[in-house]
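Some notes on the structure that comes next.
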Amino acid sequence: MRPPCSAMPRRAAIALLAACLMAAPSQARSLADILKTRQLRVCIAPIHAAVALATPKDCRDQCVFSGPVYEEVQAFARHLGKDIRVKALRVEWDEQFFDKNGKTDREASYTPQLLASGACDFYPSRLTKTAWRLKKLDFVTLFPSRMMVLANNAMHGRLKYGAQLAGLRAAAEKDTSYHSWLQEQNRAAFAANPIQIELMPTVEGLQALNTGKVDFMLLDADMAIWHTHHQLKNTYVAFPVGPKDEIGWAFRKDDKDLQAAVAKYFDEQRQDPDSAFNQIWLRYHGRSLTDFIALLAAVD
């Protein structure tokens, strides 16, 4: 007998994700389904403490979640109704884009299996809107952002602008927007002297950066601000790269009612200085969501 999905080690759980989902008689759900069942299902990828934490380490559907994203989801559930309960599933970052065969195909258009199966109603883990992800998902933007170069202190004074990243060692998590940007630079501007990309989970990447095993990483501005609030000893924020982008929650393309409800809720949260989201951001980032958006507006 195959062990239940929640009891399996992390890598084995990913490998058998499709089988686990097929074993559960479920299908994609709408806002009406959420309200009817009084249950909000979310997939959370605890890529970084600035997003969320999940314990124990190899948990799946019996996790204890904490962190800003989990608190934001809880706040939205309360907004939908005081008796709405959150059911959270811990997933790896790249799982959010898996097709029914457990693979990510950047060029193909499909609904990721976690959403298509009804295992999750949306992805709240602060996803960046990118061209390849738009082939699979729709986004509701929570805030604008910018990628920041986080460098090892050994690079201080030597690393001043983006062209100097050529040939350096970088850590990145697979299928993040950071990974995509690094690949794009290696195909174009840095083709003659490509960045050496080492794929690893973000937390391991930060450890590698702190010990000098890699020269730099990319982080979104909200994570970079969190990082400066909880500073690693041997790293610093160097400069921004790439264009401004949009970060938010990701949905099935068919879920227009749910997207509209979230968009309206986000607008209310940004406009109210005392909103739940502004208070969450103050606790975790040292500044409100509204103030963070104003700060990003001033970044060149």
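List of remarks:
- The number of residues in the range 260-300 being open to solvent by 70 Å² or more (accessible area, probe 1.4 Å) and outside any helix (DSSP H, G or I) comes to 5.
- Residue within the range 251-259 that is open to solvent by 50 Å² or more (accessible area, probe 1.4 Å) and outside any helix (DSSP H, G or I) present: yes
- Unique match (being modelled with pLDDT of 95 or more and open to solvent by less than 40 Å² (accessible area, probe 1.4 Å)) among Glu107, Glu72: Glu72
- Number of residues in the range 126-147 that are within 15 Å of the chain's Cα centre (by Cα), open to solvent by 40 Å² or more (accessible area, probe 1.4 Å) and of a type in the set (D, E, K, R) equals 1.
- Filtering Glu204, Glu198, Glu184 for residues that are open to solvent by 70 Å² or more (accessible area, probe 1.4 Å) and assigned to a strand (DSSP E or B) leaves a single hit, Glu198.
- Test: residue in the range 209-232 that is part of a loop (DSSP other than H, G, I, E, B), assigned by the TED database to the domain that holds Thr130 and out of contact with any Pro (no Cβ under 8 Å at 6 or more places or on another chain): no
- Taking each residue of the range 171-189 that is more than 13 Å from Leu199 (Cβ to Cβ) and looking for partners that are assigned to a loop (DSSP other than H, G, I, E, B) with beta-carbon atoms closer than 7 Å, six or more apart or interchain, yields Ser177/Thr130; Gln185/Ile195; Asn186/Pro194; Asn186/Ile195.
- Yes/no for Tyr123 being of a type in the set (Ser, Thr, Tyr) and open to solvent by less than 30 Å² (accessible area, probe 1.4 Å): yes
- In the range 13-53, the residue that is nearest to the chain's Cα centre (by Cα) out of those that are surrounded by 14 or more Cβ atoms within 10 Å (Cβ to Cβ) and at pLDDT below 50 is Ile14.
The values are calculated or read from the model by the stated rules, or taken from the named source; none is laboratory data. Every value quoted in this text rests on a predicted model; they were computed, and no experiment measured them. Reconstructed Cβ throughout: ideal geometry from the backbone, glycine too, with neighbour counts over all protein chains shown. Protein only, heavy atoms only, side chains kept; ligands, DNA and RNA dropped before computing areas. Shrake-Rupley method; radii C 1.70, N 1.55, O 1.52, S 1.80 Å.
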